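Written below as structure tokens is the structure these notes are about.
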Amino acid sequence: MWSLYILITEGYLFHPSNLWENYPHVHLRFQVKFFYLTQLAYWLHALPELYFQKVRKEEIPRQLQYISLYLLHVSAAYLLNLSRVGLVLLCLQYLSELGFHIARMFYFTDESHQKMFDLWAVSFVFTRMVTLTLMFLAVGFGLARAENQGLDWDLGNFNTVLIRMTVLLLVCLTQSWLLWKFIRFQLRRWREFRHEQAARKKAAAKQTPRPLKRDSLGHHENGVIKAENGASPRPKKIKAP
């Protein structure tokens with residue numbers, strides 16, 4: 001929500017051309033620079049936090065991948081003076097993760113709330129598509145048409161073909177990897193749902209009522225012989241001697 005507030009106040013949300021115009025964006029406002037420094041500090045502190053939280057060994061590689069990707073993208077956007085584009089990408093990513101945590105909260109309260117995960121799945125794929133579209137628009141077309149082409153360390157200008165292609169390749173590989181993990185997660189969830197449905201059908205088939213045994217007079221029900229019309233036969237009166 002902090003990144004969304006910055007996008008609105010800085011005017012980047014309603015004027016997308018500001019993402020690449022007047023590059024390099026060396027002079028940052030206080031709230032933008034403080035946001036990036038806070039992000040770097042948070043993800044750096046997450047590394048030793050894995051030790052202090054005593055995370056399980058099988059969870060450490062996944063957490064390291066997660067933290068490393070954030071550190072790589074945040075630091076690249078800050079050092080290459082692509083702070084405006086990076087701010088939009090971080091906002092999209094955080095909104096997608098917020099939807100996932102909201103879906104988990106509804107699921108923990110009631111396991112029948114599966115539609116929230118479906119909504120999150122749609123938003124996840126939509127976020128990946130918007131991220132790729134925005135990167136090609138800002139870096140692939142916007143910076144490619146800028147007048148200040150070339151590498152200048154003093155001015156902070158990194159607008160070269162090699163750097164632009166590297167940035168686009170990095171983002172495309174990251175988004176493809178996230179989509180691949182998402183597809184595997186959805187397939188595993190679908191298989192578990194199919195197995196659960198099959199187990200429920202087998203359990204329901206085992207609980208079917210047994211057929212009633214019939215004899216020549218009728219059938220037995222609760223130890224009582226009943227006739228074909230469902231009425232119990234009248235007991236014969238025994239005459240006293």
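Side notes on the structure shown:
- Number of residues in region 67-101 that are more than 26 Å from THR9 (Cα to Cα) and modelled with pLDDT under 90 equals 2.
- Residue that is nearest to THR133 (Cα to Cα) [pool: residues in region 147-203 that are of a type in the set (Val, Ile, Thr) and over 18 Å from the mean Cα position of the chain (by Cα)]: VAL167
- Filtered by the rule that a residue be small (Gly, Ala, Ser) and either modelled with pLDDT of 85 or more or surrounded by 10 or more Cβ atoms within 10 Å (Cβ to Cβ) (or both), region 106-140 gives ALA121, SER123, ALA138, GLY140.
- First in region 43-66 and modelled with pLDDT of 85 or more, second anywhere and part of a loop (DSSP other than H, G, I, E, B) and of a type outside the set (Ser, Thr, Tyr), Cβ under 8 Å, 6 or more apart: GLN63/VAL55
- Residue count, region 141-180 (criterion: closer than 19 Å to LEU90 by Cα and either of a type in the set (A, V, I, L, M, F, W, C) or at pLDDT below 90 (or both)): 10
- Exactly one residue among PHE193, PHE124, PHE108 is within 27 Å of LEU72 (Cβ to Cβ) and either in contact (Cβ under 8 Å) with a residue 60 or more places away in the chain or in a helix (DSSP H, G or I) (or both), and that residue is PHE124.
- Flag not set for ASP118, criterion: in a loop (DSSP other than H, G, I, E, B), farther than 22 Å from VAL74 by Cβ, acidic (Asp, Glu) and without any contact (Cβ under 8 Å) to a residue 40 or more places away in the chain.
- The residues in region 1-42 that are modelled with pLDDT of 85 or more, under 14 Å from LEU89 (Cβ atoms) and among the hydroxyl-bearing types (Ser, Thr, Tyr) can be counted, and the count is 1.
The values are calculated or read from the model by the stated rules, or taken from the named source; none is laboratory data. The structure presented is a predicted model; accordingly, all values stated were derived computationally and were not measured. No Cβ is skipped: glycine too gets one built from the backbone with ideal geometry, and neighbour counts run over all protein chains shown.
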